[in-house]
1. I'd like the full set of residues that are buried (at least 19 other Cβ atoms within 10 Å of the Cβ), under 15 Å from the mean Cα position of the chain (by Cα) and either farther than 27 Å from VAL44 by Cβ or of a type in the set (Phe, Trp, Tyr) (or both), limited to the range 82-113.
2. Which one of these does MET79 not meet: (1) of a type outside the set (Lys, Arg); (2) over 20 Å from GLY119 (Cβ atoms); (3) assigned to a loop (DSSP other than H, G, I, E, B)?
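Each reported figure results from applying straightforward, stated rules to the coordinates on display, with no laboratory input. Being a predicted model, the structure only gives us computed values, none of them experimental. Quick reminder, even Gly has a Cβ in these numbers, built from the backbone with ideal geometry, and neighbours come from all protein chains shown.
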Amino acid sequence: MILAILLAILGFLTVVPAHAKTGIIIPLYSYPETTETWEPLETVISTFPDVQFYVIVNPASRPGPTNTNYQAAVTVLCMHVNMLLVSYVLMSFSARPLDKVQQDIKTYTGWPTMSSLAGIFFNE
């Protein structure tokens, strides 16, 4: 399903003028149950090397908890040069205490794969 949707979007992008820089934001709010879970996304990313993908990771509406499976799957995604990793930080409609938001950011920066971190998605 994900693959079909992304292919439809990428079909549209082929008609965008060459001078326009385009990219796709993907909220990846799923857990990699197996090594194949995120494989459709990896296939699309590698099939379209000229398209920039911004992948938002959200292990639990905050940066943790994660385990080695999750970290390994994120590491595989980070191997693609046209994929930028974006972390998810819950804001609770700006009602969440600032120290909690800052702690989430600090936790993400401690992930081994965060050397590829391109941004933060502040949601709600």
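1. Answer for the range 82-113, where residues must be buried (at least 19 other Cβ atoms within 10 Å of the Cβ), under 15 Å from the mean Cα position of the chain (by Cα) and either farther than 27 Å from VAL44 by Cβ or of a type in the set (Phe, Trp, Tyr) (or both): TYR88, TYR108, TRP111.
2. (2)
To keep it simple, each residue is scored yes or no on (1) surrounded by 16 or more Cβ atoms within 10 Å (Cβ to Cβ); (2) touching a His at 6+ places or on another chain (Cβ under 9 Å); (3) outside any loop (DSSP other than H, G, I, E, B).
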residue: LEU41; (1), (2), (3): yes, no, yes
residue: ILE45; (1), (2), (3): yes, yes, yes
residue: ASP50; (1), (2), (3): no, no, no
residue: PHE53; (1), (2), (3): yes, yes, yes
residue: ALA60; (1), (2), (3): no, no, no
residue: PRO63; (1), (2), (3): yes, no, no
residue: ALA73; (1), (2), (3): yes, no, yes
